[in-house]
């Protein structure tokens, strides 16, 4: 998916958010944003949003005294999600259709996204969890169920920390297939890495691998050859979140995208209204409207 | 007031909004934002937000085929405000304290601000108008009333098109003082210029002048000498909106600022919570928090 004009303010907001998390003083932050703005013109905008975000966040980590500015935010979201997991698991178990309910909560978890928003409050997460059981899922849910039933191997591509606890609840419902869960290879924004998968104890239900990349999405050419092999061999790929959608929609394969449409650009590109719960492997792209 | 880190994404969002209004195609918009990002690093961030916005919008007008990209938006807001004026005037007349009620509606009109937001829907304006009569006004309202009563000359600095119709309703209530209304000297964002003052027929109730500047605020050093003379001689200055607050808070004089706090930066700098109706000439600045 190509980057559109509306992605640009979001990239800059991600940069200022990152500086707030990791720079020591307002003076430092202003000096660093000045440095950043002097460099931003060098970025080739004719790439997907995750490819541009990868370059931007590499630069930010390069000028900051930390290589993981979002670590504290990720820890907080992991702790919150861990505290919610037992009650959500009970709700899934009590549902007449546990797989669909688990998909619903996995999509709910996708609101914990500091790439699409500058903060996510506990109140917002709780409100979303309350409405989750009633949310209709748009796309290809029946095809998803069928594919899951037939699959012998499933590759699950995660999105964010915190959210990964909700992913675990879905993985617990994915029948008897061999599940591999892939996180990012290095920290970028609040995307889940290996330590987040371990915090959610995913090892108990799936094999954990990383994709070898620091893009906030799955740019196959940038991933390790081992990851690409797993990607090619999986019967079904489950790709969570907007970043994976942005980077994988043009790839062939049995990929099911699970996400919530959180910005107008994704809404236009996926064909689903803003705020929709999506589980789909086919998309009817709307014309991008800039009004 | 100095520019803070949180102003930066807002400037970039203003740039993309402007390109959407005036560039012909998505290809053109992407080419122009690329051009803009290659230039943005040259801007000295150690200035007030209106000074930076002035430089940015000059640049945008320079690369666009129009010198007034917001003209259509301004016309639409003027037409909407014109249609609302008779009923609001009746509400002000029916109030036990018409001056305070007129101040309230003048502040309500300040939500029509495309600098602080990328769009303002009719629904949002109607909802705000419904709640306006109950809004408490924070600051120095009694001092404002006293100053107005004693003033022989009042200089009224406008903010945006559309909003200027609400300003007229307040001007109608400003006793027998000689009123001069000053608009921006040239188009910038959706700030009111002379044609907007004429659309609201301000000439019937005040003398219309312009400040000679294309900053979205009042940077005295950038204004005409004639404007500066009027500014210095006025018994009372009424300064509408965030841009005038950002550029005039450090100036001495009997200046009353009327605005709604629409962003966290202004909230921190004014000491009033987000969303507050403010009519004040003294401010207790909060420490800026970047969290």
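The values are calculated or read from the model by the stated rules, or taken from the named source; none is laboratory data. Since the structure is predicted, the reported quantities are computational estimates derived from the model, not experimental observations. Positions of Cβ are generated from backbone atoms using ideal geometry, with glycine treated the same way; all protein chains shown enter the neighbour counts.
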Of the candidates B:139, B:162, the one satisfying the condition of being farther than 13 Å from residue B:77 by Cα and crowded, with 20+ Cβ neighbours inside 10 Å is B:139
Is it true that some residue in the range B:94-103 is surrounded by 16 or more Cβ atoms within 10 Å (Cβ to Cβ) and either closer than 19 Å to residue B:33 by Cα or modelled with pLDDT under 95 (or both)? no
Cβ pairs under 7 Å, 6+ apart, first in the range A:126-140 and assigned by TED's automatic domain parsing to the domain that holds residue A:108, second exposed (fewer than 12 other Cβ atoms within 10 Å of the Cβ): A:140/A:282
Go through B:146, B:152 for me and flag whichever is out of contact with any helix residue (DSSP H, G or I) (no Cβ under 7 Å at 6 or more places or on another chain), surrounded by fewer than 18 Cβ atoms within 10 Å (Cβ to Cβ) and closer than 26 Å to residue B:226 by Cα. B:152
Give just the number: which of (1) under 23 Å from the mean Cα position of the chain (by Cα); (2) more than 14 Å from chain A (Cβ to nearest Cβ) does residue B:97 not satisfy? (1)
Identify the residue in the range B:13-28 that is within 8 Å of chain A (Cβ to nearest Cβ) and without any contact (Cβ under 8 Å) to a residue 12 or more places away in the chain and, among all such residues, is surrounded by the most Cβ atoms within 10 Å (Cβ to Cβ). B:20
Picking from A:21, A:76, which residue would you name as being assigned by TED's automatic domain parsing to the domain that holds residue A:116, assigned to a helix (DSSP H, G or I), within 22 Å of the chain's Cα centre (by Cα) and at negative phi? A:76
Looking at (1) in contact with a strand residue (DSSP E or B) (Cβ under 8 Å, 6 or more places away or on another chain); (2) buried (at least 19 other Cβ atoms within 10 Å of the Cβ); (3) at pLDDT below 95, can you tell me which one residue B:253 breaks? (2)
Unmet criterion (only one of (1) in a helix (DSSP H, G or I); (2) surrounded by fewer than 16 Cβ atoms within 10 Å (Cβ to Cβ); (3) within 14 Å of chain A (Cβ to nearest Cβ); (4) within 22 Å of the chain's Cα centre (by Cα)) for residue B:31: (4)
Exclusive hit being without any contact (Cβ under 8 Å) to a residue 12 or more places away in the chain, farther than 25 Å from residue A:197 by Cα, crowded, with 16+ Cβ neighbours inside 10 Å and within 13 Å of chain B (Cβ to nearest Cβ), set A:37, A:5, A:45: A:37
